[in-house]
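Every read-out reported here was derived from the displayed coordinates using simple, explicitly stated rules and does not represent laboratory data. As the structure is a computational prediction, the values presented were derived from the model and not from experiment. Using ideal geometry, Cβ is built from the backbone for each residue, glycine included, and neighbour counts are taken over all protein chains shown.
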Amino acid sequence: MNGAPPAVVARPNEAAASLLRNPAPAFALAIVLVALSFAVMSPAHALVAAVTAATLIVLSAVDLERGIIPNKIVVPAAGVVLVAQIALFPDRAGEWALAALLAALFFILPHLLSRSWVGMGDAKLALLLGAALGWQVAGAILLAFLCVFPVALLTLFRGGLAARKTTLPFGPFLSLGALIVLFGPHLGG
């Protein structure tokens, strides 16, 4: 031991950890979102939304339990979504590609300054979100930060000063922000 106090890492609660041991709730939510995609969107938009939503549910469940966003899921999904967007909506190809790259860069820069600030999984997830949402990814990221803020305050309040070193999985919040941006306009009117 080097004498430094150990970092406090948030352990997922039992409900979150059970998502992967019993994937039925996550699977059911993914099915509902896929069905909702085709119920409220045009077929082309629904296809991209369904793939994106189902992937976000899986990634959120994994991030809640294991604290990682697996490359073997997020990277291929980002590629599939980007290719689908460009094939279905070629007039917006530049938007899909540039939004994906800029969203990823938004998370890579803090990671380069300190690996404890942001994980690379979040940057890869942002790549997927940019490919799926285009310029609307900015709103999804803003919503994610707004959603995580009260959770971070509650964690600090409950854990005291030691909670400053607590790690919160940000992937589920990014996913929530993306799902709100993805489905909100179709459900609000």
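Some observations on this one:
- Where Rh is the Kirkwood radius over Cα pairs, Rg/Rh for the stretch 14-187: 0.97
- Residue by residue, the stretch 147-164 carries 3J(HN,Hα) couplings of 6, 6, 4, x, 5, 5, 5, 5, 4, 5, 5, 6, x, x, 5, 5, 6, 4 Hz when phi is fed to the Karplus relation 6.51 cos²θ - 1.76 cosθ + 1.60 (θ = phi - 60°); x denotes Gly or Pro.
- Of Gly67, Gly119, Gly79, the residue with the greatest mean-square motion in the GNM of the chain, using alpha carbon springs below 10 Å, is Gly79.
- Over the stretch 66-108, the hull volume per residue, using the convex hull of the C-alpha atoms, is 62 Å³.
- Restriction of the trypsin sites (Lys or Arg not before Pro) in the stretch 144-176 to DSSP coil positions whose beta-carbon has at most 11 other beta-carbons within 10 angstrom yields no sites.
- Contact order for the stretch 125-189, expressed relative to its length and based on alpha carbon pairs under 8 Å spaced 6+ residues apart, stands at 48 percent.
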